[in-house]
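The values are calculated or read from the model by the stated rules, or taken from the named source; none is laboratory data. In this text the structure is predicted, and so the values were computed from the model without any measurement. Using ideal geometry, Cβ is built from the backbone for each residue, glycine included, and neighbour counts are taken over all protein chains shown. Protein only, heavy atoms only, side chains kept; ligands, DNA and RNA dropped before computing areas. Shrake-Rupley method; radii C 1.70, N 1.55, O 1.52, S 1.80 Å.
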Amino acid sequence: MVSIVVVAHSEELAVGVVKLASQMAGEESVPIFPAGGTEDGRLGTSFDKVERALQEALDEGDQVLILVDLGSAVMVTQMAIEALPSDAQDRVHMTNAPLTEGTIAAVVAAAGGEGIDGVRLAAEKALATPKVPELEPVEAAEAPSHEEPEAPSAEEPEAEGKSVEMTVPNPTGLHARPAARFVRTAMRFDAQITVQNVTHGRPRANAKSMMEVANTGTARQGERIRVTAEGDEAEKALEALRALVEDGFGEMEGEEQAAAESVETEAPEAERAEMPPETRQPAPEPASKEAGGLQGIPASEGFAVGPAFVYRPPALEVESRTVSDPSEEVVRLQRALEEAREQLTDLQADIAERDEEVAEIFEFQRMMLEDPTLVDGMEEEIREASSNAEAAAEMVTEEWERRLESGEDTLMRLRAADVRDAGNRVLRILLGMSEEQTLRSLPEPVVVVADELTPSDTAQMDREMVQALCMAGGGATSHVAILARMWSIPAVVGLGEEVLAIADGTPLAVDGHEGRVEVDPPEDVIREYEEQRKARAARLERAMAEREAAAVTRDGHRVEVVANVGDVASAREALEFGAEGVGLLRTEFLYLDRATVPDEEEQYGAYRAIADVMEQRPLIIRTLDVGGDKPLPYLDLEAEMNPFLGVRAIRLALRRPDLFQPQLRAILRAAEGRNVKVMFPLIATYAEVVQAKEALTEAHRTLAEEGVPHAETVDVGIMVETPAAALQADAIAPLVDFFSIGSNDLTQYTLATDRGNEELGYLFQALDPAVLRLIDRVIEAAHAAGKWVGLCGELAGRRRAIPVLLGLGLDEFSMTPRAVPEAKQIIRSLSLAEAKEIAQEALGMSTVEDVEGYLDAVLDDLEPPSAE
Ligand code: PEP
Ligand code: MG
């Protein structure tokens, strides 16, 4: 049975249409649900109402047809559909059929036992009733672009006009700044232009709409987009856009490229495992008050002391009214938008004087405020629902914010904060409020306390004066947390409302490592934090200055310090931070978040580009580590009860030569003339190593047979991530050239603790004596066989772990790029002899707390290496 949902701006209208249509069903009752008006009975549409009606309709029918009236009803309904689980989404269909006639026709068809296609067709043809001739001529008015339901692209008709298809080449992809350039270019031409992410089969987006390009039109590096244009200047437009994309949006040249992925590329930074401090620890309860202090979530490392500067932008209170003259409200709205755009232009010019990259946030927001999708949505809400400008502006920005927030993409989610920010600027103008209190010029060094900071708050912030950030809200991956880490400002988030009660000027001591904030602490605590801050700043500065120096202990033992990377940008970053190569290239980046398997050619291109960045430095390419916990929709993998114990990593590769062979061939081709090594993940048995090596031999063989240039030999290693592999290390060692310990998985499997389960954070401890003993055993077995051992889990970059790993005999430390300078410095501060003693001491301990306490004391006593 098909059930029906009617979404309208008025409760009375929706209920009336439902009553009328139900009567037409005759004896048969068809499940039909109204969702009209707002929760408090006003004109408008309510996400919650639509969501409830959809749920009821899904409970009653196999398939659901939704009829909507206009404007925000379309958007709210789309959002409610997007919020459903994917299997439910497949059962829900939206139609552009006329509301009254369509609903009646649909109910009659459903009562007659039609399936969803029949019911939808009946609804959509409903205007072909005798009423139509009287109403004609009807212009086939083009629906505003934001009203187009986001049908899956497979169902979308082919776009008219000419098109070009391209791969997005730049690391940032079609996001933020590149998206702004793309839209600006499109706007220059007299043509209707759309952009579609072909890799994900997303719907077409209006290329002149910042909102649509930032939402459905977005694409990552390596993804395919199709640009279609129709109209007088279609060809010129396509040519210009093609040149822009192929040129990497002007971001592809220059050494500073990676660094230049500044503010608008926060997410890649985050996604490159730039993890908040100590994420392995159980997330502290937000805002627990402990002995004179507050406990929050650590978001950016470092210590700071300073007086509180409590940032309290006035609350925006929007009342919604029914207006008698909507045109007047539209004019008010347009003026406010104009003023907001002017403010943003001034801000951009102002901030650009000190930081051009950051200033582009404002350009991005300004483009949002001239975007037809957003602006038309607001105007339509005013006209259709007789809303006042404030209520319409608030509603439409909130809808877009929600839509972007629920997106699958981190970058898209971060854009939600920009929409809110820009929308609030318009609201402040409409409400006659003065320019918000800003953090632009602060009189003295302060600790900023706030509920949350918007992107423009953070962009304008006087970074010289901000010692630390203490946020009531937010998580460790929030916008402000990401920026704080980028700018090395200590930050604690999730402190709860309590922190906002702190009076301006109250002395605060902030520990961004543990997530502690001491409120009005005694003198000695202030002194201690101040010392810690100075010591850390000096340590980092010195480590950075000496990042190119080798990691040689005081008694002349040299180890390698390399980086974990995921793409070209992070490989460049690794070199900037003094890494001596790559100890782990996670090749998943090529496979995740797309619709098809990357072919050999694409993989070869990607690996070769990274190998070229590394020149002759070692580059260890790990073969595909997906499946189970990281399912790829296009692989059609079975859902598993225990995905971490299921068909993942090497287990999947060995079953699927169609995946494994192209990857191995691509690696061997990229390895020609470069220092590339290959590494197999999640090995549990000797037999798996044998089989994986056979697969590699097969790849060599076919390449040689086809005469394709490739490396004749490459070093082969395995990741030791299971207790089984650790215990069998002596047996396996003769088969390989090296081991690399994956301490993240090794910890999870040794302690039988899901590494992502925050409830069990107290067990997921890589310094647990059990894990240390396995590491010890692996290194000993490998050295006995003359093989070297690296470690590429999080543990390698942790300060307190470095002495013990060095003492256990680790040969290579591979970590997130930014941890490299300090890791090298710690190694240079130690002698191998003392590290060995430290390791033996730690190995003899019974609890992880003892080990950590002991290692912290070791670090405290560490003298910096003497300058050469
Ligand atoms: C590990 O398990 O330690 C590791 C480096 O691999 P990943 O984190 O990618 O599973
Ligand atoms: Mg792993």
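Just to check your reading of the model, which residue among 527, 547 is assigned to a helix (DSSP H, G or I), out of contact with any strand residue (DSSP E or B) (no Cβ under 6 Å at 6 or more places or on another chain) and of a type in the set (Lys, Arg)?
527
For (1) assigned to a helix (DSSP H, G or I); (2) open to solvent by 40 Å² or more (accessible area, probe 1.4 Å), each residue gets a yes or a no:
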{"site": "819", "(1), (2)": "yes, no"}
{"site": "857", "(1), (2)": "yes, yes"}
{"site": "860", "(1), (2)": "yes, yes"}
{"site": "865", "(1), (2)": "no, no"}
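All but one of (1) in contact (Cβ under 8 Å) with a residue 40 or more places away in the chain; (2) within 30 Å of residue 305 (Cβ to Cβ); (3) of a type outside the set (S, T, N, Q); (4) open to solvent by 10 Å² or more (accessible area, probe 1.4 Å) hold for residue 433, so report the exception by its number.
(2)
Please enumerate the residues belonging to region 762-794 that are outside any loop (DSSP other than H, G, I, E, B) and within 14 Å of ligand 1 (Cβ to nearest atom).
Residues satisfying the conditions are 771, 774, 775, 778, 789, 790, 791, 794.
Name the one entry in 63, 23, 55 that is under 31 Å from the mean Cα position of the chain (by Cα) and surrounded by fewer than 24 Cβ atoms within 10 Å (Cβ to Cβ). Spell out the reasoning first.
Details: 63 fails: under 31 Å from the mean Cα position of the chain (by Cα); 23 fails: under 31 Å from the mean Cα position of the chain (by Cα).
After ruling out the rest, the residue left standing is 55.
Go through region 750-761 residue by residue and tally those that are open to solvent by 10 Å² or more (accessible area, probe 1.4 Å), assigned to a loop (DSSP other than H, G, I, E, B) and in contact with a helix residue (DSSP H, G or I) (Cβ under 8 Å, 6 or more places away or on another chain). Steps first, answer last, please.
Of all residues in region 750-761, those open to solvent by 10 Å² or more (accessible area, probe 1.4 Å) come to 750-752, 754-760.
Those still in the list that are assigned to a loop (DSSP other than H, G, I, E, B) too: 751-752, 754-757.
Next, only the ones that are in contact with a helix residue (DSSP H, G or I) (Cβ under 8 Å, 6 or more places away or on another chain) stay: 751, 754-755.
Within region 750-761, residues that are open to solvent by 10 Å² or more (accessible area, probe 1.4 Å), assigned to a loop (DSSP other than H, G, I, E, B) and in contact with a helix residue (DSSP H, G or I) (Cβ under 8 Å, 6 or more places away or on another chain) number 3.
For region 690-706, what are the residues that are away from ligand 2 (no atom under 16 Å from the Cβ) and either open to solvent by 60 Å² or more (accessible area, probe 1.4 Å) or under 35 Å from the mean Cα position of the chain (by Cα) (or both)?
Taking region 690-706 and keeping what is away from ligand 2 (no atom under 16 Å from the Cβ), we get 690-691, 693-706.
Matches in region 690-706: 691, 693, 694, 695, 696, 697, 698, 699, 701, 704, 705, 706.
Against the definition (within 30 Å of residue 670 (Cα to Cα) and not in a strand (DSSP E or B)), how does residue 583 come out, yes or no?
No: the conditions fail for residue 583.
Here are some conditions: (1) in a strand (DSSP E or B); (2) of a type in the set (A, V, I, L, M, F, W, C); (3) surrounded by 23 or more Cβ atoms within 10 Å (Cβ to Cβ); (4) more than 16 Å from ligand 1 (Cβ to nearest atom). Residue 739 meets all but one. Which one does it not meet?
(4)
Just the residues that are at positive phi and either within 16 Å of ligand 2 (Cβ to nearest atom) or in a helix (DSSP H, G or I) (or both), please, taken from region 631-663.
649
Helices (runs of 4 or more DSSP H) wholly in region 1-118 with at least 3 residues that are in contact with a Lys or Arg (Cβ under 8 Å, 6 or more places away or on another chain) - which ones?
Once the helices (runs of 4 or more DSSP H) in region 1-118 are filtered for at least 3 residues that are in contact with a Lys or Arg (Cβ under 8 Å, 6 or more places away or on another chain), what remains is 72-82, 99-111.
Yes/no per residue for (1) in contact with a Leu (Cβ under 8 Å, 6 or more places away or on another chain); (2) open to solvent by 40 Å² or more (accessible area, probe 1.4 Å); (3) within 16 Å of ligand 1 (Cβ to nearest atom):
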site	(1), (2), (3)
638	no, yes, no
653	yes, no, yes
658	no, yes, no
662	no, no, no
667	no, no, no
671	no, no, no
676	yes, no, no
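Would you confirm whether any residue within region 600-622 is open to solvent by less than 10 Å² (accessible area, probe 1.4 Å), more than 16 Å from ligand 2 (Cβ to nearest atom), assigned to a strand (DSSP E or B) and under 23 Å from residue 745 (Cα atoms)?
Looking through region 600-622, at least one residue is open to solvent by less than 10 Å² (accessible area, probe 1.4 Å), more than 16 Å from ligand 2 (Cβ to nearest atom), assigned to a strand (DSSP E or B) and under 23 Å from residue 745 (Cα atoms).
What are the residues in region 79-100 that are open to solvent by 40 Å² or more (accessible area, probe 1.4 Å) and either over 16 Å from residue 31 (Cβ atoms) or of a type in the set (Gly, Ala, Ser) (or both), if any?
82, 83, 85, 86, 87, 89, 90, 96, 100
For residue 464, state whether it is part of a helix (DSSP H, G or I) and of a type in the set (D, E, K, R).
Judged against the criteria, residue 464 is not a match.
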